[in-house]
Amino acid sequence: TQLLEQSPQFLSIQEGENLTVYCNSSSVFSSLQWYRQEPGEGPVLLVTVVTGGEVKKLKRLTFQFGDARKDSSLHITAAQPGDTGLYLCAGVTYNQGGKLIFGQGTELSVKP
Amino acid sequence: DTGVSQNPRHKITKRGQNVTFRCDPISEHNRLYWYRQTLGQGPEFLTYFQNEAQLEKSRLLSDRFSAERPKGSFSTLEIQRTEQGDSAMYLCASSLIGQNYGYTFGSGTRLTVV
């Protein structure tokens, strides 16, 4: 069974703090995606990383794909209340029809 | 194209009743996926279609669940004899073959079985 372990599961911080969310697996992924989900809505794609060691930045968000393509991290700098939500990592493995394997999610709360 | 559309957004049903959900993907997307998400968890894969062919079904999909995509466009997911454990958010996503990073999710259908 392919699993993506995401940590931490819950994170409550003050506005302006930095945070990192981790996503780890024993499986190798062809690509890994990060989503943000609001209550009652579907996940919205933030970024896709494809190459081992790849780093992508989206404003205050930095995403990294591990060299072995088994892990990833999301770092948020100077968090804002608008960053509050459920962050999900999801991996695509080879020859699996493109289906996504999701982590358990990280519930982030940023207090003003 | 306004993205992936799912109907209804919410469904409350009595245990034992049948329910059907619909998903309209992005028109040029040939892959369509169904996922189920319970509160506080990540989505779990249920099944996917490539055009009209159903290519994989998860072990989570019991015999009470059936999905179709008759013309390779919209898809339906039916749950027969609903149980309280079926209460969840049912998500649909679509993508293009060969582009394993172009997923678009719908807003989901929230099912509550009472």
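Before moving on, here are some points about what is shown:
- Relative to the Cα centre, the charge distribution of chain B, modelled as +1 at Lys and Arg Cβ and -1 at Asp and Glu Cβ, gives a dipole magnitude of about 380 debye.
- Here chain A is assigned +1 on the Cβ of each Lys and Arg and -1 on the Cβ of each Asp and Glu. Its dipole about the Cα centre then comes out at about 260 debye.
- Of B:Ser58, B:Ser73, B:Ser94, the residue with the greatest mean-square motion in the GNM of chain B, using alpha carbon springs below 10 Å, is B:Ser58.
- Förster radius 22 Å - calculated FRET efficiency between B:Thr13 and B:Ile97, Cβ distance, rounded to 0.05: 0.05
- Gain on full stretching of the segment that runs from B:Thr20 to B:Gln50 - 0.36 nm per residue minus C-alpha separation: 8.8 nm
- Proximal lysines relative to B:Lys57, as straight alpha-carbon distance under 30 Å, when same-chain residues fewer than 8 apart are discounted: A:Lys70, A:Lys99, B:Lys11, B:Lys14, B:Lys71
- Cβ-based net charge around B:Phe21, under 15 Å, with every Lys or Arg adding one and every Asp or Glu removing one: +3
- Average partner coverage of B:10-21, which counts Cβ from other chains inside 10 Å: 0
- In Å, descending, principal axis extents of the Cα set of chain A: 44, 29, 19
- Per-peptide average of other Cβ atoms within 10 Å, ordering B:86-92, B:76-82, B:31-37 highest first: B:31-37, B:86-92, B:76-82
- Residue-averaged beta-carbon neighbours from other chains (10 angstrom radius) around A:93-105: 6
- Averaged over the residues of A:84-90, the number of partner chain Cβ atoms lying within 10 Å of the residue Cβ comes to 2.
- Mean separation of Cα contacts under 8 Å (6+ apart) over length of chain B, as relative contact order %: 37 percent
- For B:Glu83, net neighbour charge (Lys/Arg +1, Asp/Glu -1) across residues whose Cβ lies under 12 Å away: +3
Just so you know, all these numbers are worked out from the coordinates, no wet-lab data involved. Predicted, not measured: the structure shown is a model, and the values here were computed from it. Methodologically, a virtual Cβ is constructed for each residue, glycine included, from the backbone with ideal geometry; neighbour enumeration extends over all protein chains shown.
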